[in-house]
Structures are given as C-alpha cells and as structure tokens.
Amino acid sequence: MTRLLLLLLLAASSTASAIVVRDDVDDAKYRIPASGFPALVDMPGEGHGVLIAPQWVVTAAHAVTGHADLRQVTIDGVPREVERVVVHPGYRSPPPALAEQAMQTWDWTLFVALLSTSDDIALLKLAKPVTDVVPVVLHEGEDEFGQMIQIIGKGATANGVSGYDMNGSHRTQLRRAYNKVTSAHDRWFCYVFDKPSDALPLEGGSGAGDSGGPILIRTGDAWRLAGLTSWTAPHQGTTRVPFGQYGQISCNVRLRHYRTWIDGVVSARPPATTDQ
C-alpha cells in the first residue's frame, strides 16, 4: 500500500498527532498516560491494534498490509514478536490511481464506495502469550447506534478549526476522546466530529495514524471493544471537509460483524469470510 493511501485512510494505525480535539478545550484534558489503556498495540512507525487474547491482536487490515514483513509490535512499551499475520480474505485495497484522482478532484465517490465494501480487519498471532497485560473484552451487542464511544490513539492531532497537516507526525502522545455513534450497519459504525455547540465536553475524532486503534462502548461498568478506527469520509454531501476539521465523519470496523471470523481464526477453525 502506498504512503498516500495510508494517509488517506487516516485513522489507520499504519497511518497519525493523535485524535483531533475541540478548539475550545485544553488539549491536556485529552491526554492520558500509557497506563490508561495498556492493551493498545503500536505498529512500527504508526498505527495501532488491540490485544484481545494473550496471543492475539486485532487491527485494521490496512494498518498491517503496509508492512511487507511485520515481525514485531509494541504492547505496553515492550516489543513483542509476531508469529503470523492473518488478513481477512474480503479486504480490498483501493488502487493508488483512484486515490490520486480523489485527491486531485475531491470526488471521493468511487474511493468511498470501494472502502465501504472492503473487510478492513486483520489478526496478528504473537510468538508468545502476553502475561503482563490484560486483554480487552469484545463488545457482544449490536446496539452501537446512539451509544457514547471512547476513541483512543497516538496518531495525528489538531483541533476542529485548523484540521491537521497530512505531512505532519503520525505518532504523538496518547489521547482519548468521546463521541456518539450516528450510524451502524453491517461492517461499519460511524460518528461525526461536531462543532462545540453540538459536542460532548471532550468530543473528538480520529487522526491519521490512529487506524486500527480501539473504539470502546460502555457495557455495565466496563468499557468493551466495539470497533477499530478505519477511514474518514472527506465530505458531507457536496461539502468538502478537510481532514480533522469539524464535520469530519469517521467510520470504524464493527467487530460484532466479524465475531465468527475472529473466533474461527483464534481457535484454528476454518475461517468464514463474513459473520452473518
């Protein structure tokens, strides 16, 4: 996958300062220590994954396909060897030429259409089980619509007025923001980065380099893993929305859709291509 495409799939772990934030809230309020989410997996350079079992990491497919030979990731500051990468058979990478066309004309119709039909998920089997970090439990429900979510990542950061520089750093400090799911169906659930007048107190969205990072939903007294940062729509209708600015729509891999595939790979059963 080209660098351009990784940047375009901006939430991607293989592609970002982390988390875009409100312009009227101190950025320090979004920052959290590494201990705030130790199950976060850092890909080489940029991008994330999440530890979901002692020897398994789930991430966005485009966050790993940019690494020709992924041998190592970092969890809680410790390098961990990767034994195997399993990319969902339904993953399709948009052709670089299509990305170039979209960047030149800002007509993202075909690019987004291809993204929306791709299965942007992969699993990493670690060479040894992780014993010093507790894996994150997957969200079991199909009730994402209208739910409050947590977005966590170290990717590109900025505020909703300025947006972020696609040529800037894609690995910064760990941040956490909140939002609400505005649509959920099939492979995806999405949310909008609203202006302060309509926003949550610590509202935010994904930035380039956040791909593969966790989207959490509260279940009872615990936050569980419901999705992975994947891609951002650069327009609302015919209105162009620069990356990271208010109005940005971010779409996330809906893990409930892939539960059968995940369980099949982890348990070594023949994997299904989709979770129906």
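The values are calculated or read from the model by the stated rules, or taken from the named source; none is laboratory data. All figures in this text were calculated on a predicted structure; none of them were measured in a lab. Every residue, glycine among them, receives a Cβ derived from its backbone with ideal geometry; neighbour counts consider all protein chains shown.
Thr74 passes every criterion in (1) in contact with an Asp or Glu (Cβ under 7 Å, 6 or more places away or on another chain); (2) crowded, with 17+ Cβ neighbours inside 10 Å; (3) more than 15 Å from Leu255 (Cβ to Cβ) apart from (2).
Per-residue answers, yes or no, for (1) basic (Lys, Arg); (2) in contact with a His (Cβ under 8 Å, 6 or more places away or on another chain); (3) crowded, with 21+ Cβ neighbours inside 10 Å; (4) at pLDDT 90 or above:
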{"position": "Leu10", "(1), (2), (3), (4)": "no, no, yes, no"}
{"position": "Ser13", "(1), (2), (3), (4)": "no, yes, yes, no"}
{"position": "Ala16", "(1), (2), (3), (4)": "no, yes, yes, no"}
{"position": "Ser35", "(1), (2), (3), (4)": "no, no, no, yes"}
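Listed here are the residues, each with its yes/no results for (1) exposed (fewer than 12 other Cβ atoms within 10 Å of the Cβ); (2) in contact with a Phe, Trp or Tyr (Cβ under 9 Å, 6 or more places away or on another chain); (3) of a type in the set (Lys, Arg); (4) farther than 21 Å from Ala60 by Cβ.
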{"residue": "Trp108", "(1), (2), (3), (4)": "no, no, no, no"}
{"residue": "Phe111", "(1), (2), (3), (4)": "no, no, no, no"}
{"residue": "Leu115", "(1), (2), (3), (4)": "no, yes, no, no"}
{"residue": "Ile121", "(1), (2), (3), (4)": "no, yes, no, no"}
{"residue": "Leu126", "(1), (2), (3), (4)": "no, yes, no, no"}
{"residue": "Val130", "(1), (2), (3), (4)": "no, no, no, no"}
{"residue": "Val133", "(1), (2), (3), (4)": "no, no, no, no"}
{"residue": "Val136", "(1), (2), (3), (4)": "no, yes, no, no"}
{"residue": "Asp143", "(1), (2), (3), (4)": "no, no, no, yes"}
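When the range 63-86 is filtered for residues that are modelled with pLDDT of 95 or more, acidic (Asp, Glu) and either more than 20 Å from the chain's Cα centre (by Cα) or assigned to a strand (DSSP E or B) (or both), the ones remaining, listed by number, are Glu81, Glu83. Within the range 37-59, the residues that satisfy the criterion of being modelled with pLDDT of 95 or more and among the small types (Gly, Ala, Ser) are Ala39, Gly49, Ala53.
Can you tell me how many residues within the range 188-212 are closer than 20 Å to Ser118 by Cα and surrounded by fewer than 24 Cβ atoms within 10 Å (Cβ to Cβ)?
Residues meeting the conditions: 2.
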